[in-house]
Amino acid sequence: MPDDGTASVLMTMTRDQLHATAIRYFKTAGPTEPEVALVERDGHRVVFKDYGRGQGWFARLVAPVLIWREASALEALASLPGVPRLIRRVDARGVLIEYCPAVPWGQARPADAAYARLSALVAEIHARGIAHGDLRGGGNFLVDDSGQPYVVDFVARVRRGRTWNIGWNWLFAQFVGADDSALAKLRVKHAPHLATAADRARLARRGPLERLARTIGETVRRLTRQFASRD
Ligand SMILES: Nc1ncnc2c1ncn2[C@@H]1O[C@H](COP(=O)(O)OP(=O)(O)O)[C@@H](O)[C@H]1O
Ligand SMILES: [Mg+2]
């Protein structure tokens, strides 16, 4: 956001005002899902990711943890082109994020060079000590008309641990591997001419650890949904 004062009102708007100014929702709320709104004010566009209008224990107890996870990852990745800037923590349940003028990867027909730029971006995110952890579905990869890739949605991220923390760093490496598998999957699906033999082998292999991690993730999500729907 340019520092010209015109959009400074975005820094003080309340939750209700932000929702009233939304021009589009990328996503409407579910029991365990945020609302993700595109807010426009004085020609400035920002994204409002918000669990704040949810009811029940998920919105009360879990949402602040998820928002903290997202915001802290965006801070750790600040000024990396392709990762949106954290603009403002509205409160414990909502954040304002820089708008990436882009569309989900599967809706675009990115040039080959965009795939290389995306791999470099994900490698840089890893180099800064963050594994994304939720790239497999492809919905968190965006790309603009010029082929600039973006990565959004850092709720599932894992941070690299201290050197001595071998167990944690093993977990971090699994998440880095899952991110790399997601890139392989993207190539195989949308740009098969760019997929290498290693990409295909990687997807076929999908070791027991990755399967276990997926099963745990899916079970947790299912249980969370069931419990949340009881509120
Ligand atoms: N900063 C952003 N700029 C542009 N679009 C975004 C941005 N953040 C999210 N989106 C869009 O909104 C969708 C949902 O947001 P996301 O953060 O992925 O929510 P969720 O955690 O519920 O998946 C994304 O898949 C993307 O299409
Ligand atoms: Mg997402």
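The values are calculated or read from the model by the stated rules, or taken from the named source; none is laboratory data. As the structure is a prediction and not an experimental result, all values here were calculated from the model. So basically every Cβ, Gly included, is an ideal-geometry build from the backbone, and we count neighbours across all protein chains shown. Accessible surface areas use protein heavy atoms only, side chains included; no ligands, DNA or RNA. Shrake-Rupley method; radii C 1.70, N 1.55, O 1.52, S 1.80 Å.
Key figures
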{"quantity": "Some residue of region 126-136 being open to solvent by 60 Å² or more (accessible area, probe 1.4 Å), in contact (Cβ under 8 Å) with a residue 40 or more places away in the chain and part of a strand (DSSP E or B)", "calculated": "no"}
{"quantity": "Qualifying position, being within 15 Å of ligand 2 (Cβ to nearest atom) and surrounded by fewer than 20 Cβ atoms within 10 Å (Cβ to Cβ), among Val103, Val95", "calculated": "Val103"}
{"quantity": "For Arg109: the one exception among (1) touching a residue at least 12 places away in the same chain (Cβ under 8 Å); (2) part of a loop (DSSP other than H, G, I, E, B); (3) more than 23 Å from Val158 (Cα to Cα); (4) open to solvent by 70 Å² or more (accessible area, probe 1.4 Å)", "calculated": "(1)"}
{"quantity": "Selection count, region 19-41, where residues are in contact with a helix residue (DSSP H, G or I) (Cβ under 7 Å, 6 or more places away or on another chain) and either open to solvent by 70 Å² or more (accessible area, probe 1.4 Å) or at pLDDT below 95 (or both)", "calculated": "3"}
